[in-house]
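Working notes for the structure below.
The values are calculated or read from the model by the stated rules, or taken from the named source; none is laboratory data. The structure presented is a predicted model; accordingly, all values stated were derived computationally and were not measured. Here the Cβ positions follow ideal geometry from the backbone for every residue, glycine too, while neighbour counts run over all protein chains shown.
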Amino acid sequence: MKIILKWGILSLITIAAVFLLSNISKAFILEAPDLLRINLSSESTNEEVVSQLPGSTIVDASRHIFSVPYGRVDDYGKLAINLPGVFLPRTVPVEKPEISFRYYLFSLKDLLHDYSHGELGLIRTGNYVIQVKSIVTETIIRTCTYFIPGLITGVLLSVLLSLLASIRSAIGRLLDSVHAVLSGLPDFLLIILIQLMSIYLTRLTGRNVILVAHYGNNIPFTIPFLAISLIPGVLIYGTLRLAIEREMTQDYITTALAKGLSQREVIFRHVIRNIMEDLLMVLPKATTLALASMAVAEAMCDILGLGGYIVSSRVQNISATPIFCIVLVILAILFHITYALLSKLFVVQIKESA
């Protein structure tokens, strides 16, 4: 019960921290949160506008600047545009950009109020405005179609290669050299190399072998899949290679070899069981790295997935970024909880007794 409570508290703290950080831009004020400038025709006056906008006052009659309730500039602009003789309501820029914790907290309160009523934010693409709640499920499914297979493939492949490298020394030297090269490559450069390979294959074969970018209903799979598999796989391979080398120097390995067991038998009977803890310890970090790689791949392939909606130049995230960030965090938390449960099942806990 205590462990469940601890996981719950840590998860809530993490989600809250991501929510606060993803909205940090709202703490920087470039426009006055309580001033509205309205262009008026000759048929309307400032006094008439004030009489029809409750809570507003005239600040500068010559420039038609009005004071409105704090943080309600957009709402009052929408009200003002429907008044006779009023056109082009605008915000009023501040003289110098400033940091306002009051406006930050006010914006967070508004967001939480919207979330509690099912309003998860808006995305604007071209002349269209999309409700986040109408696409969030589809977006999660789209991302998971290559994230989960890619992560599982990366884990299995790195485990198998690390074992093979330990059994066959020649193969081990080759794989260690490849690992050293891949470890030094940034994830975006690796994705670019995969894209270039895809382009060259297309030119050589005359067919679209690997889809490079998202268009219409055609969504790239191979490039994000490879990025998600390779980048965390490099981390897992290196960790397990060191773990296997550590285990091979232990006394029980020497005893087993002296009894006539081959190196392969020792690795499969004893070493695998003893490096399970190392694998489960590195998996959370590898999963976080896979999520970051997924977001980079979606950005570079222009895929509108969980990461793509955050960084894509095709859309304007009016208020959608916090939700997609929170979904990514929840996905990571679910994987971390899974690893913790697996650790309880497969790792032997040794406690000293008094």
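The listed residues are 188, 225, 221, and the only one of them that is surrounded by 18 or more Cβ atoms within 10 Å (Cβ to Cβ), under 26 Å from residue 323 (Cα atoms) and under 21 Å from the mean Cα position of the chain (by Cα) turns out to be 225.
Matching residues to (1) assigned by TED's automatic domain parsing to the domain that holds residue 161; (2) under 25 Å from residue 338 (Cβ atoms); (3) in contact with a Gly (Cβ under 6 Å, 6 or more places away or on another chain):
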position: 261; (1), (2), (3): yes, no, no
position: 273; (1), (2), (3): yes, yes, no
position: 276; (1), (2), (3): yes, yes, no
position: 280; (1), (2), (3): yes, yes, no
position: 288; (1), (2), (3): yes, yes, no
position: 295; (1), (2), (3): yes, yes, yes
position: 306; (1), (2), (3): yes, yes, no
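Identify all residues within segment 113-124 that are free of Cβ contacts under 8 Å to residues at least 24 places away in the same chain and outside any helix (DSSP H, G or I); write none if there are none. Result: 117, 118, 119. Free of Cβ contacts under 8 Å to residues at least 12 places away in the same chain, touching a helix residue (DSSP H, G or I) at 6+ places or on another chain (Cβ under 9 Å) and either of a type in the set (Ser, Thr, Tyr) or exposed (fewer than 15 other Cβ atoms within 10 Å of the Cβ) (or both), is that true of residue 273? The answer is yes for residue 273.
Candidates 84, 97: the one that is within 20 Å of residue 47 (Cβ to Cβ) and in contact (Cβ under 8 Å) with a residue 12 or more places away in the chain is 84.
Name the one entry in 32, 27 that is under 27 Å from the mean Cα position of the chain (by Cα) and surrounded by 17 or more Cβ atoms within 10 Å (Cβ to Cβ).
Details: 32 fails: under 27 Å from the mean Cα position of the chain (by Cα).
Sole residue among the options that is under 27 Å from the mean Cα position of the chain (by Cα) and surrounded by 17 or more Cβ atoms within 10 Å (Cβ to Cβ): 27.
Checked against (1) touching a Lys or Arg at 6+ places or on another chain (Cβ under 7 Å); (2) not assigned by TED's automatic domain parsing to the domain that holds residue 60, residue 128 passes all but a single condition, namely (1).
Taking helices (runs of 4 or more DSSP H) as the structural unit, those lying wholly within segment 248-342 and holding at least 2 residues that are at pLDDT below 80 correspond to 308-311.
If you take just the strands (runs of 3 or more DSSP E) that sit entirely in segment 1-112, which of them hold at least 2 residues that are β-branched (Val, Ile, Thr)?
Fully inside segment 1-112 and qualifying: 28-40, 57-60, 86-99.
Filtered by the rule that a residue be in contact with a Cys (Cβ under 6 Å, 6 or more places away or on another chain) and either among the β-branched types (Val, Ile, Thr) or not assigned by TED's automatic domain parsing to the domain that holds residue 98 (or both), segment 15-74 gives a lone residue, 18. Among the residues making up segment 226-276, those that are over 14 Å from residue 162 (Cα atoms) and touching a Phe, Trp or Tyr at 6+ places or on another chain (Cβ under 8 Å) are 228, 270. Considering only residues that are touching a residue at least 12 places away in the same chain (Cβ under 8 Å) and among the small types (Gly, Ala, Ser), look in segment 139-171 and name the one that is surrounded by the fewest Cβ atoms within 10 Å (Cβ to Cβ). Among them, the one singled out is 165.
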